[in-house]
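Where a number appears in this text, it was derived from the coordinates with a stated rule and is not lab data. Since this is a predicted model, take the numbers as computed values, not measurements. Counting neighbours? That spans all protein chains shown, and the Cβs are built from the backbone with ideal geometry, glycine included.
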Amino acid sequence: MKGIFSFLLATMFLPHVERQDEKRVYLITEVERLPQVIYEKKVLSINAYLRTAFHWKRGMDEGEKIVFSYVVGAKGQVTNLRVLEHPQVCSLCKQELLRLMKAIPRVVPAQRAGKSVAVKMTTIYHFEVAGSGKWE
């Protein structure tokens, strides 16, 4: 009787534990492979995608930086996009960066132990007129 009770108790809580793990957001140091973007038939890092797709417009300032964070979910969705620091960054630069992140194409999620997982990313972007930004 005691064995059956233990089995039933463990069975009741097992699905709950698995669901909690699916909701966990990992740090980049905890995953084996970072998220990647499928863009123009190429597999790129998110940073490389932004450098490639960023379009300079008249009125954008050079030499500024913006710090932003986001979460790439286990299904490849980008959520929780936040600008963390942007001391006097030009509004056109900020708008273009946010536009690209919201319009990001298909994202292959991060991997941990062979499974797709959510991961929080934080990036510093330096704006340069040379056609692409510089990443830190």
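Structural remarks
- Normalised by the number of residues in the stretch 20-77, the average gap of Cα pairs under 8 Å and 6 or more apart makes the relative contact order 31 percent.
- Rel. contact order, % - alpha carbon contacts under 8 angstrom, at least six apart, the stretch 25-135: 40 percent
- Modelled FRET efficiency - R0 25 Å, Lys75 with Thr52, Cβ distances, 0.05 increments: 0.60
- Surface/4 of the Cα convex hull for the stretch 25-135, nm²: 6.8 nm²
- By other beta-carbon atoms within 10 Å, ranking Val107, Val119 with the fewest at the front produces Val107, Val119.
- Each residue, Val67 and Tyr26, gets one label point 7 Å from its Cα in the Cβ direction; the gap between the two is 2.5 nm.
- Label-zone membership for the stretch 24-42, site Lys120, 7 angstrom Cα→C-beta point, backbone N under 13 Å: 24-30
- Additional length obtainable on full extension of the chain from Lys42 to Val108, 0.36 nm per residue less Cα span: 22.6 nm
- For Ala118, residues with placed amide H under 5 Å, excluding near neighbours: Tyr26, Ala74
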